[in-house]
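Enquirer: Below is a structure I'd like to ask you about.
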Amino acid sequence: MQGDDLHLTADFNATTPIEVIGAPSMAKNLVINGKEAQVKVDKNGIWSSSVAYNAPKVELPTLKSLKWKSIDTLPEVETSYDDSAWVSADQATKNSLFKLKTPTSLFASDYGFHTGTLLFRGHFVATGDEKTFFVQTQGGSAFGSSVWLNENHIGSWGGIDTDDDHNGTYTLPTLKKDESYVLTVVVDNMGLNENWVIGEDQMKNPRGILNYELSGRSASDITWKLTGNLGGEDYLDKVRGPLNEGGLYAERQGLHQPQPPSQSWKSDSPFDGLSAPGIKFYSASFDLDIEEGWDVPLYFNFGNSTSSPAAYRVQLYVNGYQYGKYVNNIGPQTSFPVPEGILNYRGTNYLGLSLWVLESEGAKLESFDLIHTTPVLTALKVESVDQPKYEKRKGAY
């Protein structure tokens, strides 16, 4: 009650009759969602009214038509890349219970990297006799991995819907004696296990490299470095939290946040994609103008209609918040809801997409759309959460 007004708040998705039984004796008027309603009172004192539902026209952008820009987010495979700021994989292997067989630990959590994409770089000097590289990787259920020798992609694991380790043996090109080479292994960390069974330590199951072998060489001939999210456990984005970003270059640099410095980036669309294995980061922005007083559910939808879907992985960022992880060749989720408050319903929004292509023929987004379902007439008022914009990160590599 406010004075002699009886206030009701509710949500409506259709024209709806209203009855008020037992209205307070001092109530003279009925106000629904801030608007005074016409009321009839019958002989028993029951109030009756109606709320008219007239859905607004919701205009949403066509995402394919946005001004997309891109940047390579796997510079680590370039010969000139400097990994001196990475963590040296120098801790003793202590997790033998979980099948680590490497000379030093390549379990990312031993170094404080617990979430998101993991990257490993193994340095060695060739004898010229190396023919193959075997690596056993683990990233959780439906994970994937890719391997490069210098700038040459030598193989990928697209993933399947299990949490089994993957054993991959990759053929190497001819190596030159006494020359230095770098193996780059990218592992998609899908998250740590939960301890479903009492007494088990499944949450300690490793993510990273469990074993490897360079043919004709000792395992200790390779010196490894690794990285994940910038800062590891001392993560930088205290607003969005520790699970928001992983170890991709674009994430470490903070380029997924609003207003990235994309002026010099290439005009390039995820609908064109990559013609070969690699990882790109795409950025675009769009405006929304959704009428106040309406709760309009919005979803980002990825298309997947082919009988043999290409192996690629996408992370979706909305105003700096990670709101989707889409695995095209596994699924099953293709539709990712993002609520008002993360999305600015009356203002500018920034999109970020990482596209990781694992197959030699390349891949691109089949479709990517912003759609809405039934608008709901509401009294709900949502304020946007903090959305820190891009700032150059000290120490980012």
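The values are calculated or read from the model by the stated rules, or taken from the named source; none is laboratory data. Just so you know, these numbers come straight off a predicted model, no measurement behind them. Don't worry about glycine lacking a Cβ; one is built from the backbone with ideal geometry, like all the others, and counts go over all protein chains shown. The accessibility values were calculated without ligands, DNA or RNA, using every heavy atom of the protein model including side chains. Shrake-Rupley method; radii C 1.70, N 1.55, O 1.52, S 1.80 Å.
Enquirer: Restricting to region 268-288, and then to whatever is of a type in the set (S, T, N, Q) and assigned to a loop (DSSP other than H, G, I, E, B), can you tell me which residue is nearest to residue 347 (Cα to Cα)? Walk me through it before giving the result.
Expert: Initially, region 268-288 is screened for residues of a type in the set (S, T, N, Q), giving 269, 275, 283, 285.
Among the residues that remain, those that are also assigned to a loop (DSSP other than H, G, I, E, B) are: 269, 275.
Details: 269: 23, 275: 35 Å.
Once the filter is applied, the top-ranked residue is 269.
Enquirer: Specify the residue that is surrounded by the most Cβ atoms within 10 Å (Cβ to Cβ); the eligible residues are those in region 250-263 that are touching a Lys or Arg at 6+ places or on another chain (Cβ under 9 Å) and outside any helix (DSSP H, G or I).
Expert: 257
Enquirer: Find the residue count for region 239-249, including only residues that are assigned to a helix (DSSP H, G or I) and at positive phi.
Expert: 0
Enquirer: Mind checking which residues of region 80-126 are under 28 Å from the mean Cα position of the chain (by Cα) and among the β-branched types (Val, Ile, Thr)?
Expert: 87, 115, 117
Enquirer: A follow-up question, please. Looking at (1) exposed (fewer than 13 other Cβ atoms within 10 Å of the Cβ); (2) closer than 28 Å to residue 396 by Cα; (3) without any contact (Cβ under 8 Å) to a residue 60 or more places away in the chain, which one does residue 79 not meet, given that it meets all the others?
Expert: (3)
Enquirer: Something else about it: Go through region 347-374 and give me each residue that's open to solvent by less than 50 Å² (accessible area, probe 1.4 Å), assigned to a loop (DSSP other than H, G, I, E, B) and of a type outside the set (Gly, Ala, Ser).
Expert: Step one: filter region 347-374 for residues open to solvent by less than 50 Å² (accessible area, probe 1.4 Å), giving 347, 349, 351-358, 362-363, 365, 367-368, 370.
When the remaining residues are screened for being assigned to a loop (DSSP other than H, G, I, E, B), the result is 358, 362, 365, 367.
358, 365, listed by residue number.
Enquirer: Does region 375-386 contain any residue that is open to solvent by 10 Å² or more (accessible area, probe 1.4 Å) and assigned to a strand (DSSP E or B)?
Expert: Within region 375-386, one or more residues are open to solvent by 10 Å² or more (accessible area, probe 1.4 Å) and assigned to a strand (DSSP E or B).
Enquirer: In region 13-53, which residues are in a strand (DSSP E or B) and aromatic (Phe, Trp, Tyr)? Show your work before the answer.
Expert: Applying the first criterion (in a strand (DSSP E or B)) to region 13-53 yields 16-20, 29-32, 35-37, 40-41, 47-51.
47, the sole residue that qualifies.
Enquirer: Filter region 218-239 for residues that are surrounded by fewer than 17 Cβ atoms within 10 Å (Cβ to Cβ) and in contact with a Ser or Thr (Cβ under 7 Å, 6 or more places away or on another chain) and give the result.
Expert: Scanning region 218-239 gives a single hit, 219.
Enquirer: Based on what the data block shows, is residue 354 modelled with pLDDT of 95 or more and touching a helix residue (DSSP H, G or I) at 6+ places or on another chain (Cβ under 7 Å)? Please lay out each step first, then the result.
Expert: Numbers: modelled with pLDDT of 95 or more: yes; touching a helix residue (DSSP H, G or I) at 6+ places or on another chain (Cβ under 7 Å): yes.
Answer is yes for this residue.
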